[in-house]
Amino acid sequence: MAGAAPTTAFGQAVIGPPGSGKTTYCLGMSEFLRALGRRVAVVNLDPANEGLPYECAVNVGELVGLGDVMDALQLGPNGGLLYCMEYLEANLDWLRDKLDPLRGHYFLFDCPGQVELCTHHGALRSIFSQMAKWDLRLTAVHLVDSHYCTDPAKFISVLCTSLATMLHVELPHVNLLSKMDLIEHYGKLAFNLDYYTEVLDLSYLLDHLASDPFFRHYRQLNEKLVQLIEDYSLVSFIPLNIQDKESIQRVLQAVDKANGYCFGVQEQRNLEAMMSAAMGTDFHFSSTLGIQEKYLAPSDQSVEQEAMQL
């Protein structure tokens with residue numbers, strides 16, 4: 001039928017632990033997409049998210065409020081949020097009625113930050129699965145703080161969480177190291193950045209952990225966790241600084257490839273014009289080495305070398 005809205009819609013389900021930058025990502029990505037000419041609708045699925053910095057097309061707070069649930073059922077924040085997601089799952093007709101008029105828009109879903117929702121609780125996965133039946137093609141964009149790379153033990157934990165999320169959510173998946181501009185505020189990296197983004201041979205990370213007397217007692221456990229991660233060989237990361245247009249475009253390219261979104265010639269011209277204005281040169285994707293030089297302080301010695309000297 002002439003003038004009918006497109007049947008297939010595309011979007012991103014933005015997930016990650018609390019404080020990883022999901023809401024800031026939705027704001028920055030929505031502004032970037034609008035500059036490219038895409039019609040964007042940001043959907044807040046987090047009942048605990050107050051004072052939203054972006055223009056919200058759909059807000060789950062209109063259906064159920066976390067504060068009301070906590071007061072009525074005498075639940076804490078985590079239990080209340082799980083109940084809110086189960087309530088949304090039971091009332092998906094409300095969500096569909098809100099999304100149907102927005103067909104033709106590119107969706108950004110700002111999801112709750114409770115880790116269990118993405119690792120073993122079924123409500124959020126069920127919601128995503130139902131959206132797929134509505135012909136809404138989503139990519140899960142999983143954000144984790146980049147400064148976890150400075151602590152080998154925390155980085156192994158992040159790898160395990162990311163792997164569990166990828167297996168549980170069952171969507172095309174892109175993992176991001178957010179806040180790249182703050183990566184070394186909590187310490188120096190033991191290896192080059194590509195070691196962490198590509199999740200290279202993790203045995204070196206085990207050797208680094210073994211230098212700590214506390215973790216030396218848990219070497220066998222760490223070896224099993226590392227073996228599990230390497231057996232699946234699924235986890236990798238893209239560095240992200242949400243204030244850097246080049247960084248956002250690198251993420252967008254991966255997301256568009258994952259969910260099958262195909263952009264037109266006009267959008268490509270807008271992209272090239274924007275990047276030329278921002279960089280003063282023709283647009284090109286930076287390598288991980290370029291990102292490392294941009295955000296990491298140069299050092300004549302690695303942490304490993306310094307530790308050997310000590």
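The values are calculated or read from the model by the stated rules, or taken from the named source; none is laboratory data. These numbers come from a predicted model, not from an experiment. Here the Cβ is made from the backbone with ideal geometry for all residues, glycine too, and neighbour counts use every protein chain on show. Accessible surface areas use protein heavy atoms only, side chains included; no ligands, DNA or RNA. Shrake-Rupley method; radii C 1.70, N 1.55, O 1.52, S 1.80 Å.
A probe of 1.4 angstrom, applied to the heavy atoms of all protein chains, finds TYR54 with accessible area near 20 square angstrom. For a straight C-alpha distance cut-off of 24 angstrom, the lysines reachable from LYS224 (same-chain residues fewer than eight places away being disregarded) are LYS154. Rolling a 1.4 Å probe over the protein chains gives LEU206 an accessible area of about 20 Å². Diffusion of region 177-216 by Stokes-Einstein, at 20 °C in a medium of 1.002 mPa s and with Rh set to the Kirkwood radius over alpha-carbon pairs, works out to 185 µm²/s. Taking a straight line from the alpha carbon of LYS133, these lysines sit under 19 Å away, with near neighbours fewer than eight places off in the same chain left out: LYS98.
Ranking MET70, MET85 from most to least accessible surface, computed with a 1.4 Å probe over the protein chains only, gives MET70, MET85.
The magnitude of the dipole of region 118-241, with charges of +1 and -1 set on the Cβ of Lys/Arg and Asp/Glu and taken from the Cα centre, is near 400 debye. If only the Cβ of Lys and Arg carry +1 and only the Cβ of Asp and Glu carry -1, the dipole of region 4-90 around its Cα centre is close to 500 debye. About its Cα centre, region 177-263 has a charge dipole of approximately 200 debye under the convention of +1 per Lys or Arg Cβ and -1 per Asp or Glu Cβ, with nothing else charged.
Taking 0.36 nm per residue of sequence separation and removing the Cα-Cα distance, the GLU170/THR7 pair yields an extension gain of 56.5 nm.
Candidates LEU45, MET70, LEU82 compared by Cα position along the dipole of region 36-97: farthest toward the positive end lies LEU45, with charges placed on Cβ. In terms of accessible area, using a 1.4 Å probe and ignoring ligands and nucleic acids, THR8, THR24 rank largest first as THR24, THR8.
Straight-line reach from LYS22: which aspartates and glutamates have Cα under 19 Å away, leaving out those fewer than 8 places along the same chain? Here the aspartates and glutamates satisfying the reach criterion relative to LYS22 are GLU31, ASP46, GLU50, GLU55, ASP110, GLU116, ASP145, ASP181, ASP244, GLU246, ASP256.
Counting only protein heavy atoms and using a 1.4 Å probe, the accessible area of GLU116 comes to about 50 Å².
Rounded, prolate or oblate, given the Cα gyration tensor of region 1-83, with a/c below 1.5 counting as rounded? Here region 1-83 falls in the prolate category.
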